[in-house]
Each structure stands twice: as C-alpha cells, then as structure tokens.
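Here, each number is a calculation from the coordinates, and none is a lab measurement. Keep in mind it's a predicted model, so treat the numbers as computed, not measured. Every residue, glycine as well, gets a Cβ built from its backbone with ideal geometry; the counts of neighbours run over all protein chains shown.
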2 protein chains.
Amino acid sequence: MKINKYPQKEIWPELVKRPIIKREEITEIIAEIFSKVKENGDQALIDLNKKFDKAEIKNINVSEEEIDNAKGVISSELKNAIQQAKENITKFHASQITKIEKIETTKGVICWRENRAIEKVGIYIPGGTAPLFSTVLMLAITAQLAGCKEIILCTPPDKNGNINPAILYTAQLCGVKKIFKTGGAQAIAAMTFGTESVPKVYKIFGPGNQFVVAAKDFAQKYNVAIDMPAGPSEVLIIADEKAIPEYCAADLLSQAEHGSDSQVIFISTDLRILNETIEELKKQIKELPRNEFAQQSLNNSHFILLNSVDEALEFSNLYAPEHLILAIENFENYIDKIQNAGSVFLGNYSCESAGDYASGTNHTLPTNGFAKNYSGVSLDSFVKKITFQNLSQEGLQNLGKTIEIMAEAEGLLAHKNAVSIRLK
Amino acid sequence: MKINKYPQKEIWPELVKRPIIKREEITEIIAEIFSKVKENGDQALIDLNKKFDKAEIKNINVSEEEIDNAKGVISSELKNAIQQAKENITKFHASQITKIEKIETTKGVICWRENRAIEKVGIYIPGGTAPLFSTVLMLAITAQLAGCKEIILCTPPDKNGNINPAILYTAQLCGVKKIFKTGGAQAIAAMTFGTESVPKVYKIFGPGNQFVVAAKDFAQKYNVAIDMPAGPSEVLIIADEKAIPEYCAADLLSQAEHGSDSQVIFISTDLRILNETIEELKKQIKELPRNEFAQQSLNNSHFILLNSVDEALEFSNLYAPEHLILAIENFENYIDKIQNAGSVFLGNYSCESAGDYASGTNHTLPTNGFAKNYSGVSLDSFVKKITFQNLSQEGLQNLGKTIEIMAEAEGLLAHKNAVSIRLK
C-alpha cells in the first residue's frame with residue numbers, strides 16, 4: 001500500500017503507470033492453437049479441453065437437456081435477481097437505439113445513417129474462480145437488442161465437462177441458443193475460423209485471461225473485430241471530507257478481490273478520510289474469502305492526498321480509470337470536468353457493484369488507460385452505422401460543380417466525369 | 001474483366017474474395033522505423049524524409065508562412081468548392097451529436113451516457129499521386145465538431161520539401177494548427193510516441209499505402225487506437241433495366257482510377273444493361289489520364305448477371321462493399337435488405353463522387369469486407385461515451401438485494417459487502 005501526500009505533478013506520470021503486460025512470449029502458443037483449430041475443428045477443441053481444462057468431453061455442444069437441468073438448479077431468489085438486472089440492462093441499452101434522421105445538406109441532397117446489427121457475434125465467458133453470468137447478461141442482452149441474428153457463447157467446461165448452471169440459465173434467458181464447451185485461445189480460434197459445431201463470427205466480445213486477450217488480439221489478423229483491448233480491472237475513488245470511509249473501503253475491496261493484478265487508487269482531499277479508509281480496509285479485508293487476491297492487489301495500490309477535487313480529477317483524467325467513484329458532495333459540479341473514464345459512480349450510494357450487476361449500465365469497460373480512446377460496450381458495439389444518400393437531379397445540379405472542381409484538383413478525372421456525364 | 005452469367009450460389013464465395021494482402025514481410029521494416037523514431041525523434045523523421053521521400057528539410061513543422069502562401073495559391077473557385085463541401089460535411093456530422101438522456105431504470109437509479117472528445121487525435125494524409133485534401137475535410141471537420149483539443153496532421157513532403165497547398169489550405173480552414181512534414185510508417189510512429197515537435201496522440205485516422213496500414217496496425221501495440229483496419233477501395237453497383245449504362249460506367253471508372261488494386265463489381269438483372277455498360281467502359285476509359293490504373297483494376301473486376309435485385313443484394317451482403325450504388329427504380333423498397341455496406345448511393349443521380357467530396361457523408365469507410373463488422377468514420381469515431389450512474393439511498397434499497405444475491409452467486413463477497421455495508 002503506497003501512500004503519497006501531495007505528490008508533485010512531475011511524479012504523476014509515475015503514479016498512473018500500469019503494470020507492463022508482456023504478450024510476445026505467448027504469441028507462438030496462440031499461433032499454434034489457432035492452426036490446430038483451423039485444421040482439426042471440433043476435434044482440436046476436444047483435445048485442448050483435455051489438455052488445458054482436464055475435461056474429457058465427447059460433444060462440445062451444450063445440449064437442451066443440460067440447459068433444462070440448469071433451470072432446475074438455480075434458486076428462484078437468484079432467478080428473480082437476474083430478472084431485475086435483465087430488465088434494467090434492457091431499459092438502459094434500449095434507450096441507445098437511435099432514430100433515423102434524414103438531413104438535407106443541400107437542396108435535393110438527402111443524407112442519413114441507419115443501424116444494421118452485426119450479423120454474427122460471439123461471446124466469451126471465462127471459467128476460473130468466478131462464474132461470470134453477469135457478463136452473459138451485459139453482452140447477450142445488448143446483442144439481442146441490436147438484432148444480431150446469430151449470437152453464440154463459448155465457455156470452458158469444468159473437470160467433469162460441465163458448465164456452471166448460472167451461465168447456462170442466463171444465456172438461454174437472453175436468447176442465446178448455441179453454447180459451446182470450449183475455453184481459452186482455442187475458443188477464440190473456433191469463433192474466428194468456425195468449426196463443424198461452432199459458427200464463425202464477425203465480432204468477439206468478453207473478458208478472459210492473458211491467453212484469451214492475446215488470442216482476441218491475434219484473431220484480428222483474420223478480419224474478426226473485437227470489443228476492445230483489455231487489461232486488469234481498475235477503480236479510482238475520489239473522496240472529500242463528506243465521504244464515508246466504510247463505504248470507500250468496501251468499494252476498494254470489491255475491485256481488489258477481482259484478482260491480484262487489479263488496480264486500486266484512492267484519492268482524498270482530507271487526511272482523516274484517507275487514514276480512516278485505510279483503517280477500514282484492514283478491518284474489512286479479514287472477512288473476505290478472496291482476501292489473498294485483495295491483499296496482493298492492495299499492495300500495489302496508491303493512496304493519495306491532494307489539495308482539491310479539481311486536482312484529483314486532473315489526476316484521474318491522466319490515469320483514465322475503468323471505474324471512477326466520486327464520493328463527494330456536490331458531484332454535479334464536477335461531471336463536466338471528467339474527461340477520461342469508463343463508467344462513473346456518483347455519490348455515496350452509487351457503489352461499483354451496482355453497475356457491475358444490475359443498475360443497467362454495461363460493465364464491459366475500457367481498462368489499462370484505454371478510457372482515453374475507447375468507450376465501454378454499448379448497443380453501438382453490436383451495430384454498424386451505414387450512411388445513405390439520395391441526390392435528385394436538382395441535388396446533383398446544386399452540388400455538381402463543387403464535386404467537379406474538387407475532383408479535378410485531386411487529379412481524379414474519372415470522379416469528375418461521373419458528375420459531368422450526368423449534368424450533360 | 002470477368003463476366004459471370006447467373007453464377008451458382010456455390011461459387012459466390014469465390015467471387016466475393018478479396019486479393020490477399022501479405023503484411024508479415026514488412027513487419028520488421030515497420031518495427032525498425034518505430035524504434036528509430038522512438039529513439040531519435042525529429043532527427044529520425046528528417047533522416048527518413050531523405051531516405052524515403054528524397055526530401056531534404058531542416059524543420060518538419062509547417063510554418064505559418066507556408067500556410068499563408070498556400071492560401072494565396074488556391075483559386076477562389078476551389079476555395080468556394082471546399083467551402084460548400086465543408087458546410088455539408090459539417091451539417092451532416094453535427095446531426096450526429098447526441099443529447100444526454102437520463103434513464104431511471106429502477107426508482108432512485110439514474111443512468112446515462114455523456115460524450116467526451118478524444119483529447120488528442122492525429123490525421124494522416126498520404127502524398128503520392130493524388131493530394132487528398134478531401135480527406136482532410138472528412139477527418140478534421142469531424143474532429144473539430146467532436147471537440148478534440150489537439151488535432152494534428154502528418155503528410156509527406158514532396159522532393160522540394162513542400163506540402164501540397166490544397167492540403168495546407170484545407171487543414172488551416174478546418175482549424176488544424178499543427179501540421180508536420182512526415183509520411184509513411186515514420187509519421188505513424190511519431191504520432192504514437194511523440195517527438196520533440198510531433199505530439200503523441202490517442203487515436204490515428206487516415207488512409208495510406210501498405211506501410212502506413214501496417215504501421216497503424218503496429219501502433220496499436222502501444223495502446224494507440226486507429227480509425228479502422230484498411231484495404232483497397234471498392235464499389236459494387238446493382239443495376240436494373242432502368243439503369244443508365246453511361247452513368248454506371250463512369251461510376252465504375254471513378255472507383256477503378258484510385259489504383260490498380262481497386263475492386264469493382266457490377267451486377268445487373270438485365271443483359272442489355274450489362275453489355276452496354278461494358279461497351280461504355282471501353283469508350284470512357286480512353287479519355288482518362290489515370291487509365292492505366294483503371295485498366296488494371298478492371299482486369300480483376302467482376303460483371304455479374306443475376307435474376308433479381310433481391311438476389312443481387314444477397315450477393316452484395318456477402319461481399320460487404322465499401323460503396324454500394326443502387327442504380328435501380330424503387331430503391332426505397334430495398335433499403336431494409338441492405339445488411340453489409342459502408343455507404344449506399346441511391347438512384348441514378350447519386351454518384352459515388354458526391355459522397356467522396358461534398359454531399360456531407362464521410363468518405364472514410366470500411367473496405368475489404370470490414371463493412372460486416374465496422375462502421376465508417378463519424379462523429380462517434382472521435383468521442384468516447386462515458387456511462388454515469390447515481391443511486392439515491394432509496395435507489396440502492398430497491399436494487400440492493402438483487403446485487404447482493406448476484407454477487408454472492410458469482411462468489412464475489414466484497415462486491416456484495418459494498419452493498420450490505422450501505423444498507424445496514
């Protein structure tokens with residue numbers, strides 16, 4: 001835990017640095033996996049399930065029976081919770097559907113954009129320590145709303161060849177009909193090339209370990225799009241003297257428990273709040289089952305005292321956090337100053353968990369400083385916007401000379417001629 | 001010129017194939033250029049200008065004097081044309097600015113999105129055979145509208161160390177104040193790392209040759225975003241019996257003149273129109289100064305006869321053209337069937353040149369089949385959308401149980417605790 005009181009601006013660039021992730025070393029492994037999957041299709045997936053996930057399965061397709069069984073296993077309490085989250089996520093993302101607006105830029109020249117869903121999309125859900133059915137909600141609901149025709153899901157089986165029932169239940173609830181038992185780089189390769197069972201898709205979404213991240217990177221060589229580049233999850237909290245240390249500590253820990261590489265930054269304008277939050281952390285961490293992860297993550301975290309909320313926001317914009325919590329009074333006054341962040345949580349009752357699960361916003365967000373140049377996942381991520389134009393004869397007459405002059409100045413005479421021949 | 005009459009659907013995948021672009025071979029060259037620019041900054045750019053562009057220049061910054069001189073050289077006719085294009089492009093892209101819409105997903109839970117401009121963006125404008133000041137309009141106007149604070153432009157100097165005045169004039173007209181004489185992979189490297197003169201940017205836009213394309217790809221390793229992956233320019237025309245062969249031929253040539261790798265596909269439902277368009281092509285190509293490019297491009301082009309406009313659109317959706325021209329009657333009836341395309345031109349007076357220059361739509365569009373999973377450049381390309389949420393105490397009470405149950409089911413107890421501690 002690193003504490004910095006009023007650090008000089010000169011050292012801020014050091015403080016906002018992310019841990020360096022080395023990817024080169026695994027490129028060869030990824031290339032080999034991709035080539036195996038391309039050549040041997042389903043059989044490669046079955047072999048790699050055995051090799052990496054220690055799972056012996058004959059069929060990588062999840063059967064209807066397995067999905068039905070999952071429905072029976074999930075408690076009605078969890079079903080209701082998933083239902084409320086689904087409704088909120090649907091409400092928020094449905095509000096992102098845009099209306100067609102036709103613009104007459106010159107008399108007789110009408111231009112507009114229309115959305116078309118990306119036809120085939122793939123969702124990757126990691127196995128590992130937490131069954132991320134919430135990520136299924138975030139991605140599958142949005143793909144459905146966008147109108148994607150084919151939505152498939154890949155996730156690694158456990159040692160017995162099974163998928164976590166909450167993942168299966170949520171997937172079917174969100175209309176995902178094709179679910180495959182395959183994980184890691186091989187799942188990304190399967191969605192990139194297609195196999196006998198797994199359809200090839202045009203865009204791949206979802207989180208994963210370093211192999212999955214590297215594989216999504218690699219997949220782009222084969223013209224597949226991905227949701228965004230990835231890095232470890234992050235939170236930055238800005239707390240003034242009205243913040244509640246108990247809440248701040250709980251939010252920091254909810255980030256820190258994700259993994260030992262999670263990034264946590266706490267900035268306060270008030271020394272008492274800073275100290276009390278650190279004390280609270282020490283108290284709360286003891287109660288956590290994942291406290292080993294959390295402790296490792298906290299070891300690399302920064303606790304920073306700054307002079308003002310404005311200064312704190314300047315720091316935050318330089319860091320560009322995935323999650324930004326403003327535990328301050330009058331947060332309304334500071335919203336316009338937020339330049340770089342994935343998702344922002346305002347006030348003492350807006351905990352990050354709300355956005356992670358159920359408030360309605362998407363939790364697939366840019367990390368690792370990518371909030372400077374990328375948005376989180378939204379309905380936009382599942383559509384392409386196609387421009388349309390219709391020029392009447394009058395429209396071309398009004399615009400023709402301009403096009404001719406510009407085309408000629410660029411030396412593109414055939415471009416000019418396409419107009420001249422029509423104006424003759 | 002390849003003519004296919006009623007090709008079986010089985011061979012369509014062959015017909016929609018793009019030429020394969022090999023990138024691996026130049027990766028080493030790119031890596032070396034990046035490392036030189038990272039180490040030696042401006043001096044590397046000056047050295048590489050000499051090496052690749054045969055230009056000896058002392059200062060890579062374009063001076064105010066040079067910009068003033070450019071203003072004097074441009075004819076008032078061209079200035080007026082650029083002005084009309086600027087107004088239309090501004091009108092269309094300004095219509096893409098979205099209003100903030102706050103959604104109450106659950107009582108007391110308010111969620112919304114706000115746009116923030118990407119702070120620092122770089123525009124690359126190639127040198128070569130055509131001075132693409134139209135691309136300056138497309139990218140600089142949109143960056144300005146989005147509110148990007150720093151907009152820089154890199155373009156290679158000619159042998160005398162000068163930049164085409166139309167590019168300089170257009171850049172300053174669109175508010176670009178920092179223009180640098182550097183091209184190719186070294187320009188992309190300069191915008192990625194920054195040099196003494198060239199500021200580092202967060203996202204790079206613009207077309208270029210294979211070295212520029214590969215360099216933009218490479219830049220992403222250093223967390224820079226790019227507009228989109230690239231390939232040679234393309235048009236697909238669908239013409240029914242009411243199409244005008246003269247116009248169709250002119251549109252095909254306006255695509256073919258871009259370069260020998262330009263892709264041209266002409267589909268008709270009417271044999272007479274197909275034959276007459278081919279005859280017209282032979283006639284019109286003779287008049288073109290760039291007819292060598294055009295002829296090479298046409299040699300690889302496809303002329304296809306199909307049974308119906310529906311079938312033609314099915315083919316087009318499989319091909320996913322950058323530009324799609326519907327030279328058909330009643331095009332309104334077919335718009336909903338267009339699934340994959342960059343920009344669509346409707347009816348006999350909507351020539352591609354209109355969109356290339358002045359109608360208002362953006363001409364930076366997905367090629368090479370990327371219209372299946374990417375949009376063209378728009379205002380969205382220059383902003384990030386940040387999600388915000390504010391939960392009142394009541395809001396968290398209404399949503400808290402759902403979050404607790406879901407977090408617990410994912411095994412993330414600190415996530416649960418962030419809610420429980422607030423509800424106590």
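With bins 20 Å wide beginning at 0, the percent of Cα pairs of chain B falling in each bin runs 23, 47, 25, 4, 0. Find the all-direction average of the projected area of the Cα convex hull for segment A:6-124, expressing the result in square nanometres with one decimal place. Here the figure is 18.2 nm², rounded to one decimal.
Sparsely packed loop sites in segment A:177-221 (the chymotrypsin sites (Phe, Trp or Tyr not before Pro) outside DSSP H, G, I, E and B with at most 13 other Cβ atoms within 10 Å) do not occur. May I ask you to work out the translational diffusion coefficient for the protein assembly as shown at 4 °C, viscosity 1.567 mPa s, via Stokes-Einstein with Rh from the Kirkwood sum over Cα pairs, reported in whole µm²/s? Translational D for this selection: 46 µm²/s. Within the protein assembly as shown, antiparallel bridges make up roughly 25 percent of the DSSP beta bridges whose residues both belong there.
Can you give the local net charge around B:GLU322? Use residues other than it whose beta-carbon is closer than 10 angstrom to its beta-carbon, Lys and Arg +1, Asp and Glu -1. Display every interim value, and only then the final one.
On the way: positive: none; negative: B:GLU234, B:GLU352.
Its environment carries a net charge of -2.
Between copies, the label points of A:GLU65, set 7 Å from Cα on the Cα→Cβ line, lie 8.5 nm apart, reported in increasing order to one decimal in nanometres. What share of the DSSP beta bridges in chain B is antiparallel, in percent to the nearest 5? Antiparallel: roughly 25 percent of the beta bridges in chain B. Dipole magnitude for chain A: computed about the Cα centre from +1 point charges on Lys and Arg Cβ and -1 point charges on Asp and Glu Cβ, it is near 1440 debye.
Taking each pair of different alpha-carbon atoms in segment B:203-334 once, compute 1/r for the pair, average those values, and report the inverse of that mean as the Kirkwood hydrodynamic radius in Å to one decimal. Kirkwood hydrodynamic radius for segment B:203-334: 16.0 Å.
Using the Cβ-Cβ distance between A:LYS200 and B:GLU101 with R0 = 51 Å, the FRET efficiency computed as 1/(1 + (r/R0)^6) comes to roughly 0.90. With a Förster radius of 30 Å applied to the C-beta separation of A:ASN300 and A:GLU32, the computed FRET efficiency comes to 0.40. Structure remark: mean-square fluctuation, Gaussian network model of chain A, C-alpha springs under 10 Å; the largest value among A:GLU119, A:GLU292, A:GLU394 belongs to A:GLU394.
Checking the Cα-Cα distances for A:LYS200/B:LYS5; B:LYS181/B:LYS203; A:LYS242/B:LYS401; B:LYS38/B:LYS120; A:LYS86/A:LYS178; A:LYS71/A:LYS181 against a 23 Å cut-off, the pairs over it are A:LYS200/B:LYS5; A:LYS242/B:LYS401. Cα centroids of segment B:131-196 and segment A:228-272: 40 Å apart.
Amide H contacts of B:ILE237 (H built 1.01 Å from N, in plane; Pro and chain starts excluded): B:ILE265, B:PHE266, B:ILE267, B:ILE325 sit under 5 Å, all sequence-distant by 5 or more or on other chains. Sparsely packed loop sites in segment B:317-424 (the chymotrypsin sites (Phe, Trp or Tyr not before Pro) outside DSSP H, G, I, E and B with at most 12 other Cβ atoms within 10 Å) do not occur.
From the square roots a ≥ b ≥ c of the eigenvalues of the alpha-carbon gyration tensor of segment B:186-248, which class results: rounded (a/c under 1.5), prolate (a/b over b/c), or oblate? It comes out prolate by the Cα gyration axes. Rg and Dmax over the alpha-carbon atoms of segment B:278-416 stand at 24.8, 76 Å. Does anything in segment B:101-128 have its amide N under 11 Å from the 7 Å Cα→Cβ label point of A:ILE335, and if so which residues? Answer for segment B:101-128: B:101-103, B:110-115.
Pairs to check: A:LYS384/B:LYS149; A:LYS385/B:LYS283; B:LYS54/B:LYS282; A:LYS9/A:LYS385; B:LYS91/B:LYS216. Give those whose C-alpha atoms are more than 31 Å from each other in this structure.
Violating the 31 Å limit, Cα to Cα: A:LYS385/B:LYS283; B:LYS54/B:LYS282; A:LYS9/A:LYS385.
Highest mobility in the GNM of chain A, judged by mean-square fluctuation with C-alpha springs under 10 Å and restricted to A:GLU352, A:GLU280, A:GLU257, is found for A:GLU280. For A:GLN296, the label point sits 7 Å beyond Cα toward Cβ; its separations from the matching points on the remaining copies run 5.5 nm, from shortest to longest.
The residue among A:ILE328, A:ASN300, B:LEU132 whose Cα reaches farthest toward the positive pole of the charge dipole of the protein assembly as shown, with charges on the beta-carbon of Lys, Arg, Asp and Glu, is A:ASN300.
Working note: 222 nm ellipticity from helices only, DSSP H runs with n ≥ 4, each -39,500 (n - 2.57), summed and divided by the residues of the protein assembly as shown, gives -14000 deg cm²/dmol to the nearest 500. Build a GNM of chain A with springs between Cα atoms under 10 Å apart, and of A:ILE188, A:ILE151, A:ILE403 the one that fluctuates most is A:ILE403.
For segment A:336-424, take the convex hull of the Cα atoms, compute a quarter of its surface area, and give me that in nm², please. Can you show the working numbers first?
Numbers: hull surface 43.6 nm².
For segment A:336-424, the mean projected area of the Cα convex hull comes to 10.9 nm².
Fully extending the segment from B:LYS17 to B:ASN275, taken as 0.36 nm per residue of separation minus the present Cα-Cα distance, adds 90.5 nm.
For segment A:318-328, 3J(HN,Hα) computed residue by residue from phi via the Karplus equation (6.51, -1.76, 1.60; θ = phi - 60°) reads 6, 6, 6, x, 4, 10, 10, 10, 9, 8, 9 Hz, glycine and proline entered as x. Inter-copy label distances for A:GLU14: 6.5 nm (label point placed 7 Å from Cα along Cα→Cβ; shortest first). Note on B:LYS159: aspartates and glutamates with a C-alpha under 14 Å away, same-chain residues under 8 apart excluded, are B:ASP47, B:ASP53, B:GLU56.
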